[in-house]
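Notes to accompany the following structure.
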Amino acid sequence: MTIRWLLSDLLGRVPYSAVMGPTDVVVTGITCDSREVAKGDIFAALKGLKADGRDFVPEALAKGARVILSHAEPLDALPEGVSWVVCPRDREAFSAACSALFGTEGNPVRLAGITGTNGKTTCAYLLRSIFVQAGGAGMLGTIEYDTGDGLFPAVRTTPEAHFIHRWLRGLAEKGIPYAAMEVSSHSLALARVAHLQFMAAGFTNLTRDHLDFHETMEAYYQTKKGLFDLLDPDGAAVVNLEDPYGVRLSGELHRRKVITVGGKKPADLRPEGLAMDLSGICCTFKTPFGDVPVRSSLTGRFNLENLLVAVGTALATGVSTEHAAAGIAALTGVPGRMERVASGQPFTVLVDYAHTDDALKNLLQTVRELGPERIITVFGCGGDRDRTKRPLMGAVAARLSDILLLTSDNPRTENPEDIARDAEQGIKPELGSGKVYERILDRRAAVRKALEMARAGDVVVVAGKGHERVQLTGTTKREFHDPTVVRELLGEMGWA
């Protein structure tokens, strides 16, 4: 369904400072990607972190755009008949225009958002599984999107505003009642979600990450906290009390309905009769909405927290406890999140996306609690990202592993040797007491060595890339999917 707006009317919804050109123009769509422009669209020439959207205006005009929304005035003379809207708060204006042009204000889809450093993806998959049981779901997340027509690979964790509003519009037209989305700190800071309304929003945790963007943990926290300003007046915040920032957040969300989750009282939603091993989690969640029997293939303390947040968020959107229980049971795993790779070998192999020191600590502590003979860990640190977390990751990996193989993750434009030296600042002080350490910067060779070293009862952990299907070296992308590589190497070793 196409929604038509007269530019003069649309301007009443958009924060702008000046207009050049006619305002009696009819617009029918909007995008910030000049490659997607169709006739009748507004092209949002946004100021990016590395590029200026105004550089792409000629391409947008050639494809039929007649209205440009931008942070500043044109770089060149304005062609006749073209309108230019100057919006100093360009991303906020873009989000507002997307809401109007896709008609998502008052959208009937009940939207649930999940934010936090770790656990967003698992919570989003859990919500999707629960919502499917309750009548149907869409999803936006780090790994995949679901538009109501099936899953397809994601471009980024939280896409640009025009994609989100088009997605919501499409779900409503298909009669899909629920939607789940991961809400990244970048999307909050860049106003991609500024004009959405969430029926429920969950907070998992906050640990050191993205400080190359936010600079301080306080700025990172305040950005995450912004999600809860987007709650529907009748909506609820679901907050994990197992995390210190969650405790803080629960006390700062004044005039909001807050549902707390955690391992014990005073949490509103908590487990009883907990049993957990490598096969999964079994317990009962006591909730304000009634008991939820939990039989999950996910395992580990951090996945218990993910289950609590996801179930609390789902119940807050209005689904039943029966649908919550069925959705938990139906989800057998999440790609790249403690993903087991089994080919008949007598040891366990787990692939996980853990790429921060806290995520790596949670992962390895969980594995240790499950009683392996030895933990053999393969990990690396990403290039062109926060360097300060590298020695922290190295220290955690060395402390909690019996055998540690340091390798490359996505080095990007950095020298892998330099990245490894940063990580070794944390690794070397933790060595001793029979620990084995080796640096093998070829990731496939490092994984092979780990598998060759493993024996019955061991757990091999391949951390850092999880679901990712490419490795970024310099400006080159090459296919590299940890679960696939593990299966190939096990096959070469004779494990079918």
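Every number in this text was worked out from the coordinates using simple rules, so none of it is lab data. A quick note: this is a predicted structure, and the numbers were derived from the prediction, not measured. All Cβ positions, even for glycine, are placed from backbone atoms using ideal geometry, and neighbour counts span all protein chains on display.
Contact order for segment 339-492, expressed relative to its length and based on alpha carbon pairs under 8 Å spaced 6+ residues apart, stands at 33 percent. Here is the tail figure for segment 339-492: Cα pairs spaced more than 18 Å apart come to 52 percent of all pairs.
Counting DSSP beta bridges in the chain, what percent are antiparallel, to the nearest 5?
On the way: 29 of 82 bridges.
Percentage antiparallel, nearest 5: 35.
Here are some pairs, 39/174; 120/225; 63/174; 224/264; 361/477; 47/224; which of them have Cα atoms lying more than 18 Å apart in this structure? Flagged as over cut-off: 39/174; 63/174; 224/264; 361/477; 47/224.
Label separation (residue 322 vs residue 470): 4.7 nm, computed from points 7 Å beyond Cα along the C-beta direction. Label point of residue 428 set 7 angstrom out along Cα-Cβ; within segment 370-390, amide nitrogens under 18 Å from it belong to 381, 388-390. Note on segment 5-101: Cα convex hull, mean projected area over all directions, 5.3 nm². Here the calculated FRET efficiency for residue 39 and residue 232, from their Cβ-Cβ distance with R0 = 25 Å, stands at 0.10, rounded to the nearest 0.05.
Just flag the trypsin sites (Lys or Arg not before Pro) in segment 21-106 sitting in loop per DSSP whose Cβ has no more than 16 other Cβ atoms within 10 Å.
39, 50, 63, 89
Scanning residues 5 or more positions from residue 184 or on other chains, those with amide H under 5 Å from its amide H are 158, with H placed 1.01 Å from N in the peptide plane.
Tell me, what is the FRET efficiency for residue 477 and residue 63 to the nearest 0.05, using R0 = 35 angstrom and their Cβ-Cβ distance as r? Walk me through the numbers before you get to the answer.
Working: r = 27 Å, r/R0 = 0.78.
So the FRET efficiency works out to roughly 0.80.
Of the residues 495, 167, the one with the fewest other Cβ atoms within 10 Å heads the list, and the complete ranking is 495, 167. Computed across the chain, the Kirkwood radius stands at 24.0 Å (inverse of mean 1/r, all Cα pairs).
Annotation for residue 417 and residue 277: the two label points, set 7 Å from Cα along the Cα-Cβ direction, are 4.8 nm apart. Farthest toward the positive end of the dipole of segment 15-56, out of 53, 18, 37, is the Cα of 53, where the dipole comes from beta carbon charges about the Cα centre. Full extension of the chain between residue 248 and residue 435 yields a length gain of 63.5 nm, computed as 0.36 nm times the residue separation minus the alpha carbon distance. Taking the Cβ of residue 165 as the center, what net charge do the other residues with Cβ under 12 Å away carry, scoring Lys and Arg +1 and Asp and Glu -1? So the surrounding residues net to +1.
Footprinting exposure proxy ranking of 82, 193, fewest other C-beta atoms within 10 angstrom first, gives 82, 193.
Rounded to the nearest whole Hz, the Karplus-based 3J(HN,Hα) values (6.51 cos²θ - 1.76 cosθ + 1.60, θ = phi - 60°) of segment 254-261 follow the sequence 5, 6, 10, 6, 10, 10, 8, 10, with x at glycine and proline.
The long axis of helix 443-453 is offset from the longest Cα principal axis of the chain by roughly 30 degrees.
Rounded to the nearest 20 debye, the dipole size of segment 297-366 about its Cα centre is 120 debye, using +1 on the Cβ of Lys and Arg and -1 on the Cβ of Asp and Glu.
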